[in-house]
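Here's the structure, in structure tokens; my notes come after.
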Amino acid sequence: MVMIDVSGKDEVLREATASGVIHLKPETINRIIEGKTVKGDPLYTAKIAAILAAKKTSELIPLCHPLPLTNVEVCSKVLNETAIKVFVTVKTRAQTGVEMEALSAVSIALLTIWDMTKQYEKDNDGQYPTTSIQNIQVIRKYKQV
């Protein structure tokens, strides 16, 4: 195993946007919208978690280059009565891209939402029949030429 040598590459502006969706019960989505979750605002907390995750990506993923991030933007959107979509755009001026940082940030944001709302998601058997995280993907990549 080796970390890829990027020393021959120019430092240029690089951006990546990733997204993902969490599906929850309609009652849970309503709690979030109405600000009635015991642990606080899941979307605001997910934003902070996403930024921290982007900054720590190289500590979490082996052989991932540590990058000097210049910006992390996080946006959460209630899609419908059972889904929230999170978008994260990460920017850097570096020798390699920031796709892993954007993907890590989205993943952690979605996990944070789940953690903050899981008490409302359980059925009578203690299971999570409707809760799922899906479609985590890079939706845009930019490199200055």
Surface per residue (accessible, 1.4 Å probe) for the chain, Å²
57
For N80 and S58 in the same chain, what is the full-extension length gain: residue separation times 0.36 nm, less their Cα-Cα distance, in nm?
4.5 nm
Hey, got a sec? Which trypsin sites (Lys or Arg not before Pro) in segment 1-93 land in a DSSP loop and have at most 16 other Cβ atoms within 10 Å?
K9, K36, K39
Between I139 and K122, 0.36 nm times their residue separation minus their Cα-Cα distance comes to what?
3.0 nm
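Given a 1.4 Å probe and heavy atoms of the protein chains only, how would you sort S19, S7, S76, largest accessible area at the top?
Working: S19 0, S7 85, S76 40 Å².
Result of the area sort, largest leading: S7, S76, S19.
With every protein chain kept in the model, how would you rank E27, E99 by accessible area, 1.4 Å probe, largest at the top? Don't skip to the end; give the middle numbers.
Details: E27 115, E99 40 Å².
Descending order: E27, E99.
Express the carbon and sulfur contribution to the solvent-accessible surface of the chain as a percent, rounded to the nearest whole number, probe 1.4 angstrom. Intermediate results must be reported in sequence, preceding the final value.
Values: 4340 of 8300 Å².
Carbon with sulfur: 52 percent of the solvent-accessible area.
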Given the -39500 (n - 2.57) contribution per DSSP H run of 4+ residues, what per-residue ellipticity at 222 nm results for the chain, rounded to the nearest 500 deg cm²/dmol?
-12000 deg cm²/dmol
Quickly work out the I4-to-I33 label distance, labels modelled 7 Å from Cα along the C-beta direction, and quote it in nm with one decimal.
4.2
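So, counting K/R as plus one and D/E as minus one, what does the shell of residues with Cβ under 12 Å around T45 add up to? The partial results should precede the final answer.
Details: positive: K39, K47; negative: D41, D115.
Net charge around T45: 0.
For T70, what is the net charge nearby, where nearby means another residue's Cβ is under 10 Å from its Cβ and Lys, Arg count +1, Asp, Glu -1? Mind dumping the intermediate values first?
On the way: positive: R14, K91, R93; negative: E15.
Counting the neighbours of T70, the net charge comes to +2.
Ranked from the most accessible area to the least, with a 1.4 Å probe and all protein chains present, what is the order of T45, T17? Show your work: numbers first, answer last.
Values: T45 50, T17 15 Å².
Solvent-accessible surface, decreasing: T45, T17.
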Say the dipole of the chain comes from +1 at the beta carbon of Lys and Arg and -1 at that of Asp and Glu; which of I108, T57, V72 then lies farthest toward its positive end?
V72
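The values are calculated or read from the model by the stated rules, or taken from the named source; none is laboratory data. These numbers come from a predicted model, not from an experiment. All Cβ positions, glycine included, derive from the backbone under ideal geometry; neighbour counts span all protein chains shown. All accessible areas refer to the heavy atoms of the entire protein, side chains included, with ligands and DNA or RNA removed. Shrake-Rupley method; radii C 1.70, N 1.55, O 1.52, S 1.80 Å.
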